[in-house]
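Taken together, the values in this text are just the output of simple stated rules run on the coordinates, not laboratory data. Small disclaimer: the values here were computed from a predicted structure and weren't measured. No Cβ is skipped: glycine too gets one built from the backbone with ideal geometry, and neighbour counts run over all protein chains shown.
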Amino acid sequence: MTIEACTTFLHELVTSDEIKQQMKAMTDTKEVISLGKRHGFTFDTQEFIAASRAFSEGGFVSSTAPQVKQATNSAFYHYEFDMQQIPGFEQVTEELHNLKIKPPTVDMNLYRESFNEDDLQFTSMSPAAPQFGRRYAEVMQSHWQNSLAGRDFSRRDFHLINLDQHTEHALYDQYFQAKARIIARLEDFFASEVRFSGSLWYPPLSYRLWHTNETQAGWRMYIIDFDEPTATSHGIPETSFFRYMNPQTKEIVTLEERPQLVRFFKIEQEKDKLFWHCIVNSTSRNRWSFGFAVPENWIDRFPIC
């Protein structure tokens, strides 16, 4: 089966509520290919791209993507909550351990070899600094060149593991089913559509360099957890951090992290509102981060003081 099989699968996607719901839990093409196999359709990445293009040109467009609403002004740029203290979040919390996997298909030796101390230090430079643009362009040029080469851990801006790119291992099916259940429970919680936006494993000495996600505007919710409650070095507590630049004041805000943390922030597309942020886990523990595109009115479900 080739492009024809993929085209048939795309027709199934448009008409099947079950498949459309499962698609909300996916963030990578490899997951779509895996889903197709489970439904009896075999195709590869290039065939999926070709079939999707033809399918779109034929006027068949899936309506599973949430609509992005216009930006609203806010005096706050982030909100944080403890999962255990969110009423109605109990079932989401119960599923968390099913998402925190370490795919055996990851080459951890290659991961460690690809660590770059200079790139890690780039997270200490403000996006408002005069030299930032040149350094950022250098990093991203290397990223795109290496990404085209298809080499693992070649992205300079992304020293971590995207769990959704690892579908050929025994843990994946259980992991995916947990993602699908979490989507259903979050949609019940918010009474609105929710989609996964990323499932990321940050091993020790991992980082995501400065970025804005500006092509995917809207509110994001991230669930963050670890494999140990605390990490120490010579008796001194260690912590990962989330860092961002306030779009208005250009102040750099660094947020230390704790287990079972829920964080919200908004991605904007206007140049003067871009939400520059980065993440670093320089500790000895593993960090997981699960992102979701959530509705504009998510805040109505939370007691904001």
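Identify, among Phe55, Asn116, Gln248, the residue whose Cα sits farthest towards the positive end of the charge dipole of the chain, taking +1 on the Cβ of Lys and Arg and -1 on the Cβ of Asp and Glu, with the dipole about the Cα centre.
Of Phe55, Asn116, Gln248, it is Gln248.
For the chain, the longest stretch holding no chymotrypsin sites (Phe, Trp or Tyr not before Pro) located in a DSSP loop with at most 15 other Cβ atoms within 10 Å is which?
116-305
Can you work out D for segment 3-57 in µm² s⁻¹ from Stokes-Einstein, where Rh is the Kirkwood radius over C-alpha pairs, the temperature is 37 °C and the viscosity is 0.692 mPa s?
Values: Rh = 11.0 Å.
It diffuses with D of about 298 µm²/s by this estimate.
Rounded to the nearest 500, what is the chain's calculated 222 nm mean residue ellipticity when only DSSP H runs of at least 4 contribute -39500 (n - 2.57) each, over all residues?
Numbers: 9 runs with 101 residues, N = 305.
The per-residue figure over the chain is -10000 deg cm²/dmol.
For the chain, compute the number of Lys pairs whose alpha carbons are separated by less than 15 Å, excluding pairs fewer than 8 positions apart on the same chain. Can you show the working numbers first?
Working: Lys20/Lys179; Lys24/Lys179; Lys69/Lys266; Lys100/Lys179; Lys250/Lys271; Lys250/Lys273.
Value for the chain: 6.
Please tell me the relative contact order of the chain in percent, rounded to the nearest whole number, where contacts are Cα pairs under 8 Å and at least six residues apart.
That works out to 22 percent.
Would you mind checking the tilt of helix 172-190 against the longest principal axis of the Cα atoms of the chain, expressed as 0 to 90 degrees and rounded to 10?
Rounded to the nearest ten degrees, it is 80.
Gap in Å between the Cα centre of segment 170-201 and the Cα centre of segment 100-115?
Taking the Cα centre of segment 170-201 as reference, the centre of segment 100-115 is 23 Å away.
Compute the signed sum of charges (Lys and Arg +1, Asp and Glu -1) over the other residues within less than 13 Å, Cβ to Cβ, of Thr93.
Working: positive: Lys100, Arg181, Arg185; negative: Asp82, Glu90, Glu94, Glu95, Asp225.
Counting the neighbours of Thr93, the net charge comes to -2.
Which percent of Cα pairs goes in each bin when the distances of segment 159-305 are cut into 5 angstrom slices starting at zero?
All Cα pairs, binned at 5 Å, distribute as 2, 8, 16, 20, 20, 18, 11, 4, 1, 0 percent.
When the Karplus curve 6.51 cos²θ - 1.76 cosθ + 1.60 is applied with θ = phi - 60°, which whole-Hz ³J(HN,Hα) does each residue of segment 289-300 get, with x for Gly and Pro?
For segment 289-300, the Karplus curve yields 9, 10, x, 9, 7, 10, x, 4, 9, 3, 5, 5 Hz.
Compute the long axis of helix 132-149 from its Cα atoms, compare it with the longest principal axis of the Cα atoms of the chain, and write down the angle in degrees, 0 to 90, nearest 10.
Tilt relative to the chain: about 30 degrees.
Taking H as built 1.01 Å from N, whose amide H comes closer than 5 Å to the amide H of Gly198, not counting residues under 5 places away?
Answer set, sorted by chain and number: Gly291.
Residue by residue through segment 98-107, what is 3J(HN,Hα) from phi via Karplus (6.51 cos²θ - 1.76 cosθ + 1.60, θ = phi - 60°)? Round to whole Hz and write x for glycine and proline.
6, 8, 7, 9, 10, x, x, 7, 7, 7
Could you tell me the ratio Rg/Rh of the chain? Both radii from Cα atoms, Rh via Kirkwood.
Working: Rg = 19.7 Å, Rh = 20.7 Å.
That ratio is 0.95, to two decimals.
What whole number of Å gives the distance from the Cα centroid of segment 1-17 to the Cα centroid of segment 253-285?
37 Å
Would you kindly derive the ³J(HN,Hα) couplings of segment 251-262 from the backbone phi angles with the Karplus curve 6.51 cos²θ - 1.76 cosθ + 1.60 (θ = phi - 60°), listing them in order in whole Hz, with x for Gly and Pro?
Running phi through 6.51 cos²θ - 1.76 cosθ + 1.60 with θ = phi - 60° gives 5, 8, 10, 10, 10, 6, 10, 9, x, 6, 9, 10 Hz.
Considering the dipole of the chain built from charges on the beta carbon (Lys and Arg +1, Asp and Glu -1) around the Cα centre, which of Tyr207, Thr42, Val194 is farthest to its positive end?
Tyr207
Would you work out which of His169, Met83, Gly218 lies farthest towards the positive end of the dipole of the chain, given +1 charges on the beta-carbon of Lys and Arg and -1 on that of Asp and Glu, about the Cα centre?
The Cα lying farthest towards the positive end belongs to Gly218.
Counting only residues 5 or more places away or on other chains, whose amide H sits under 5 Å from the amide H of Arg287 once H atoms are built in the peptide plane?
Result for Arg287 returns Tyr202.
How far is helix 29-38 tilted off the main Cα axis of the chain, in degrees rounded to 10, range 0 to 90?
40 degrees
Counting Lys and Arg as +1 and Asp and Glu as -1, each charge on the Cβ, what is the dipole of segment 79-301 about the Cα centre in debye, to the nearest 20? Walk me through the intermediate numbers first.
Numbers: 24 positive and 32 negative charges, 82 e Å.
Result for segment 79-301 is approximately 400 debye, rounded to the nearest 20.
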